[in-house]
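Q: Provided herewith is a single structure, encoded as structure tokens, for subsequent inquiry.
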Amino acid sequence: MKADLVKAIILSHFRHDRQCPVVALEASNMDVAAVTKARRLVEIEVKTSISDLRSDKRKRKHQLWGKEAYKFVGFRYSPEDSVSRFYFAVPYDLKEKAVKVCEELYPYAGLLAVKVRPNWPYYFTWEARKAKVLSAKRLPLRELVELVKSQSATVCRLALVVGRNGHQIELIPAPDKKGE
């Protein structure tokens, strides 16, 4: 499974299944970012191989979080604000090995596993490991605005690529909310 498909599934999972009002793709060095209704920032890093998952340990954020200095926001490393929860997302067939790697290298990280049913427009997402709370701070409004601006720029770039390449996009309708 390619990283772009995993990102799309995770983006949809946080927007529709978890009802996060703001989700962003490739914003501020995050593969996927989600802001909960309580304005908590959730970062999701997508990995498509176990070696890639292991090599992420070299990133500064993991060195900081590994020392329980869980401060990382302003979309730069910063003591003022922080990511509330951090997840890795992997294809379902990597789930068991990825859980072991997370236990060994990333004790604070949650793990999401994704699977697509063949010939179906539906996906499944499992929370294979719950993320620890890194911070209870709410995302400051100025950072929320920056995240939304970054995402709107991503949507504009995507529209230009689709238009240039003459692609036609078939949208899958959002799931109906019960009782509506």
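Q: Looking at segment 128-158 only, could you name the residues that are in contact (Cβ under 8 Å) with a residue 24 or more places away in the chain, closer than 30 Å to residue 97 by Cβ and of a type outside the set (Gly, Ala, Ser)?
A: 129, 132, 133, 134
Q: Collect the residues in segment 17-61 that are over 18 Å from residue 130 (Cβ atoms), of a type in the set (Gly, Ala, Ser) and either in contact (Cβ under 8 Å) with a residue 40 or more places away in the chain or part of a loop (DSSP other than H, G, I, E, B) (or both), keeping them in residue-number order.
A: Passing the criteria: 24, 27, 28, 33, 49.
Q: Still on this model: Going by the structure shown, is residue 141 surrounded by 11 or more Cβ atoms within 10 Å (Cβ to Cβ) and modelled with pLDDT of 75 or more?
A: Here the answer is no, as residue 141 does not meet what is asked.
Q: Within segment 76-95, can you find the residues that are modelled with pLDDT under 90 and either surrounded by fewer than 19 Cβ atoms within 10 Å (Cβ to Cβ) or not in a loop (DSSP other than H, G, I, E, B) (or both)?
A: Passing the criteria: 76, 77, 78, 79, 80.
Q: Is it true that some residue in segment 23-38 is at pLDDT 90 or above and farther than 26 Å from residue 122 by Cα?
A: Within segment 23-38, one or more residues are at pLDDT 90 or above and farther than 26 Å from residue 122 by Cα.
Q: Also: Can you go through 133, 162 and tell me which one is modelled with pLDDT of 85 or more and either in a loop (DSSP other than H, G, I, E, B) or more than 30 Å from residue 53 (Cβ to Cβ) (or both)? Working first, answer last.
A: Numbers: 162 fails: modelled with pLDDT of 85 or more.
Testing whether each residue is modelled with pLDDT of 85 or more and either in a loop (DSSP other than H, G, I, E, B) or more than 30 Å from residue 53 (Cβ to Cβ) (or both) leaves just 133.
Q: Consider only pairs whose beta carbons are under 7 Å apart and that are at least six residues apart or on different chains; among these, list those whose first residue lies in segment 96-117 and is assigned to a helix (DSSP H, G or I) and modelled with pLDDT under 95 and whose second residue is of a type outside the set (A, V, I, L, M) and surrounded by fewer than 17 Cβ atoms within 10 Å (Cβ to Cβ).
A: Every condition considered, the pairs that remain are 105/54; 105/57.
The values are calculated or read from the model by the stated rules, or taken from the named source; none is laboratory data. Since the structure is predicted, the reported quantities are computational estimates derived from the model, not experimental observations. Glycine also receives a Cβ, built like all others from the backbone with ideal geometry; neighbour counts cover every protein chain displayed.
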